[in-house]
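The values are calculated or read from the model by the stated rules, or taken from the named source; none is laboratory data. None of the values given here were measured: they were computed from a predicted structure. With ideal geometry, Cβ positions are generated from the backbone for all residues, glycine too; neighbour counts draw on all protein chains shown.
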Amino acid sequence: DGGITQSPKYLFRKEGQNVTLSCEQNLNHDAMYWYRQDPGQGLRLIYYSQIVNDFQKGDIAEGYSVSREKKESFPLTVTSAQKNPTAFYLCASSRQGKSYEQYFGPGTRLTVT
Amino acid sequence: EDQVTQSPEALRLQEGESSSLNCSYTVSGLRGLFWYRQDPGKGPEFLFTLYSAGEEKEKERLKATLTKKESFLHITAPKPEDSATYLCAVEGGGADGLTFGKGTHLIIQP
């Protein structure tokens with residue numbers, strides 16, 4: 001079955017530690033995205049990548065970093081510089097170009113204490 | 001800046017009681033309007049894409065419509081399994097990525 005996997009489902013970290021969230025897709029999609037979801041707010045775009053070895057900042061990129069070394073993989077690192085890292089993180093992918101629907105993974109809930 | 005406003009924030013219906021969810025948007029050059037369903041603790045599930053005013057799409061008990069300023073998600077004779085948060089998002093001609101509304105939390109009581 002084609003789809004998007006995110007791991008782990010739950011992640012706990014101490015303040016000041018960097019943490020990397022995994023996202024893998026086997027849909028053969030060129031574009032991949034990272035969103036953050038907080039209670040009572042809409043999903044907000046962190047980073048996106050339209051092609052391997054290239055990525056762009058979204059609306060709330062500060063405190064995050066990404067890499068896109070393979071078409072299938074788009075890991076997100078939450079650094080210690082992110083002031084409010086506790087959130088539900090969602091990865092998505094789509095065909096390259098405008099107007100194509102994005103398909104989402106199951107999400108990773110990160111808790112930083 | 002693209003904006004999406006969904007109403008109501010929450011809606012409680014009896015099983016079989018039809019209703020509509022609203023998504024108002026402002027966007028520079030609409031490329032697409034998307035509806036998703038999200039269950040608690042899970043990723044959004046894609047439902048529909050609408051591209052131009054007057055377009056309609058249906059799937060089981062759901063029907064999505066689009067005008068130049070808003071979209072409606074009509075739910076006909078809903079069942080308890082339709083309970084979820086429904087998200088609306090737009091893609092404009094400017095920035096990449098989707099702009100999401102905050103969602104409508106729908107509860108269908110048996």
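If the condition is being small (Gly, Ala, Ser) and either in contact with a Gly (Cβ under 7 Å, 6 or more places away or on another chain) or under 16 Å from A:CYS23 (Cβ atoms) (or both), then region A:62-87 contributes A:SER65, A:SER67, A:SER73, A:SER80, A:ALA81, A:ALA87.
Here's the yes/no breakdown for (1) in contact (Cβ under 8 Å) with a residue 60 or more places away in the chain; (2) among the hydrophobic types (A, V, I, L, M, F, W, C):
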| site | (1), (2) |
| --- | --- |
| A:ASP38 | no, no |
| A:ILE51 | no, yes |
| A:SER94 | yes, no |
| A:GLY107 | yes, no |
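Of B:LEU11, B:LEU62, B:LEU66, all but one fail to be surrounded by 14 or more Cβ atoms within 10 Å (Cβ to Cβ) and either of a type in the set (Phe, Trp, Tyr) or within 19 Å of A:LYS98 (Cα to Cα) (or both); the exception is B:LEU66. Within region B:36-58, being of a type in the set (D, E, K, R), within 13 Å of chain A (Cβ to nearest Cβ) and not in a loop (DSSP other than H, G, I, E, B) holds for B:ARG37, B:GLU45, B:LYS57. Listed conditions (1) in a strand (DSSP E or B); (2) under 12 Å from the mean Cα position of the chain (by Cα); (3) more than 21 Å from B:THR104 (Cα to Cα) are all met by A:ARG36, apart from (3).
Filtered by the rule that a residue be of a type outside the set (A, V, I, L, M, F, W, C) and more than 18 Å from A:GLN82 (Cβ to Cβ), region A:11-48 gives A:GLU24, A:GLN25, A:ASN26, A:ASN28, A:HIS29, A:ASP30, A:GLY40, A:GLY42.
Going residue by residue through region A:85-98, is there one that turns out to be within 13 Å of another protein chain (Cβ to nearest Cβ), within 27 Å of B:ASP2 (Cα to Cα), part of a loop (DSSP other than H, G, I, E, B) and among the charged types (D, E, K, R)? Scanning region A:85-98 turns up at least one residue that is within 13 Å of another protein chain (Cβ to nearest Cβ), within 27 Å of B:ASP2 (Cα to Cα), part of a loop (DSSP other than H, G, I, E, B) and among the charged types (D, E, K, R).
For B:ILE75, state whether it is of a type outside the set (Ser, Thr, Tyr), at negative phi and buried (at least 18 other Cβ atoms within 10 Å of the Cβ). Yes. Answer yes or no: is there a residue in region B:35-45 that is touching a Pro at 6+ places or on another chain (Cβ under 6 Å) and small (Gly, Ala, Ser). Yes: one or more hits. Candidates in region B:96-110 are the residues that are within 8 Å of chain A (Cβ to nearest Cβ) and touching a residue at least 24 places away in the same chain (Cβ under 8 Å); of these, the one that is surrounded by the fewest Cβ atoms within 10 Å (Cβ to Cβ) is B:LYS102. Within the option set A:THR20, A:THR5, being over 25 Å from B:ASP2 (Cβ atoms), surrounded by fewer than 20 Cβ atoms within 10 Å (Cβ to Cβ) and away from chain B (no Cβ under 13 Å) holds for one residue only, A:THR20. Scanning region B:21-32 for residues that are over 10 Å from the mean Cα position of the chain (by Cα), in a strand (DSSP E or B) and within 13 Å of chain A (Cβ to nearest Cβ) yields B:TYR25, B:GLY32. Considered as a group, the residues in region A:45-64 that are crowded, with 17+ Cβ neighbours inside 10 Å and part of a strand (DSSP E or B) include one that is farthest from the other protein chains (Cβ to nearest Cβ), and that residue is A:TYR64. Being within 13 Å of the chain's Cα centre (by Cα), surrounded by fewer than 15 Cβ atoms within 10 Å (Cβ to Cβ) and either at pLDDT 95 or above or more than 24 Å from A:GLN6 (Cβ to Cβ) (or both) is a condition met by at least one residue of region B:33-56. The set of residues in region B:60-93 being within 13 Å of chain A (Cβ to nearest Cβ) and either in a strand (DSSP E or B) or modelled with pLDDT of 95 or more (or both) consists of B:ALA64, B:THR85, B:TYR86, B:LEU87, B:CYS88, B:ALA89, B:VAL90, B:GLU91.
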